Amino acid sequence: METRGFFFIRGSLLPSQPLFCAMNRLTAIVWLLTAALSGCAQKEAPAPPAAVRQKPTPEKVYTYVEQMPQLPGGGGQQAIGMELLKRLMRQPLPPIDLRQQYTGSATVYFEVNSTGTVQHVKLLRATGSASVDSALVTVTKKLPRFIPGYQNGKPVTVSLTMPFSCINPQ
């Protein structure tokens, strides 16, 4: 396409003077062929690989839902605390800890997932006795399967925190 003495080739201008008009046309044709063969011509974006690995999106963790998780017998937060205390009393402690006089409070954090199992148990505040703290974490991990919490009619993961006060009378 020739317009007012210039060739328009894919956005670039080639001057065409009467003396070199044939040479410029030849140069333009060679340039177009070279661009087409070397891949300079516009290409479509390559298709993404067939098996694209995507990271699974982590499930949202709620702190409060329409129906909170509960143990199969019911009773809410109070029943969970009593179950933890009952299991903690059955947990054997080293004799040296029983002779020590300590008073402390602990807070344990855990999540009940959408299937009702306990996961991600952490001690947010420790009692001061390493064996009591580890026993509290162990007992929390061994809690029975919960009835999961529900939000909008669907089971969801819910985080719970339980405070404990430890008093060793002597």
What's the number of the condition Val156 fails, among (1) at pLDDT below 90; (2) part of a strand (DSSP E or B); (3) within 28 Å of Pro58 (Cα to Cα)? (1)
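Mind listing whichever residues of the stretch 72-87 are touching a residue at least 12 places away in the same chain (Cβ under 8 Å) and assigned to a loop (DSSP other than H, G, I, E, B)?
Passing the criteria: only Pro72.
The values are calculated or read from the model by the stated rules, or taken from the named source; none is laboratory data. What you are looking at is a predicted structure, and each value in this text was computed from that prediction instead of being measured. All Cβ positions, even for glycine, are placed from backbone atoms using ideal geometry, and neighbour counts span all protein chains on display.
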